[in-house]
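Okay, structure first, notes after.
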Amino acid sequence: MLKLRSPEEMQCGLDVGYQICMAQSKLFVYAIEQDYDDDDFIQQYMNSEFCNKKMDAPYSWFQLMNAAYNMSYLLDEIDPIKSNMHYDLDTIAWVGWMYRYIQLRLEIPSREIYKILPLSDMLLYYKGMRTEDAEYFIEHIQKKFER
C-alpha cells in the first residue's frame, strides 16, 4: 500500500494544503459555471500537463491562484466540450477538493488518481462521504492505491 503522509507531513503544510484544495475546488465549480461538461472537463484537467506540472508540483504559484486565472492557462491546453447539464455544484466542489487532497497526501500524479478513482466513482463516494472528515475518506480509499 502507498504510504499516506500525515497532514502535518505534507510538503506544503496543512493550512496551505487546505487552501490549495479550495483553489482546485473553485476551479471545478468555475468550469461548471462556464458550462463545460463536468465529466469531460474533469477528465481532461486531471490528465493535463497543466495539472501535472503546475498543480501537482511541490510548489507552484498556480496552486493558489483564482479559478479564472488558472482556467485561462488551462484552456491553452485542453478543449472541454460544453454542456448545460451538470451535477450539483456542492458535489463538484467536494470532488475537486478531495482529488487535490488525495494528491497532496499520497504524492502521486493526478492522472494516476483519476485512473484509479474516475469521476463516476467519486460521485458514488460523495453520497456517503460528504459529511465525513477528509481523514476518514483518505484512509478509506488509500488501499485502492496499492503499487
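Observations on the structure shown:
- Stretch gain in nm, segment HIS140-LEU4, where the contour uses 0.36 nm per residue and the Cα spacing is subtracted: 47.8 nm
- If you plug the beta carbon distance of GLU49 and MET22 into 1/(1 + (r/R0)^6) with R0 = 35 Å, you get a FRET efficiency near 0.95.
- Size of electric dipole in the range 7-145: Cβ of Lys, Arg +1 and of Asp, Glu -1, about Cα centre, debye, nearest 20: 180 debye
- Within the chain, longest stretch clear of exposed GluC sites (Glu not before Pro) (DSSP loop, no more than 14 other Cβ within 10 Å): 1-76
- Estimated distance in nm for a label pair at ASP35 and ASP121, the labels positioned 7 Å out from Cα along Cα-to-Cβ: 3.3 nm
- Our analysis of the range 7-145 gives Rg over Rh at 0.93, with the two radii drawn from alpha carbon positions and Rh computed by the Kirkwood formula.
- Cα-centred dipole magnitude for the range 20-86, charges only on beta-carbon of K, R (+1) and D, E (-1), debye, nearest 20: 340 debye
- Counting only the Cα atoms, the range 83-147 fills a convex hull of 89 Å³ per residue.
- Other residues with beta-carbon under 10 Å from the beta-carbon of PHE62 carry, at +1 per Lys or Arg and -1 per Asp or Glu, a net charge of +2.
FYI, it's all coordinate maths here, none of it is from the lab. Values in this document were obtained by computation on a predicted structure and should not be read as measured data. Ideal geometry is used to build each Cβ from the backbone, glycine not excepted, and the neighbour counts take in all protein chains shown.
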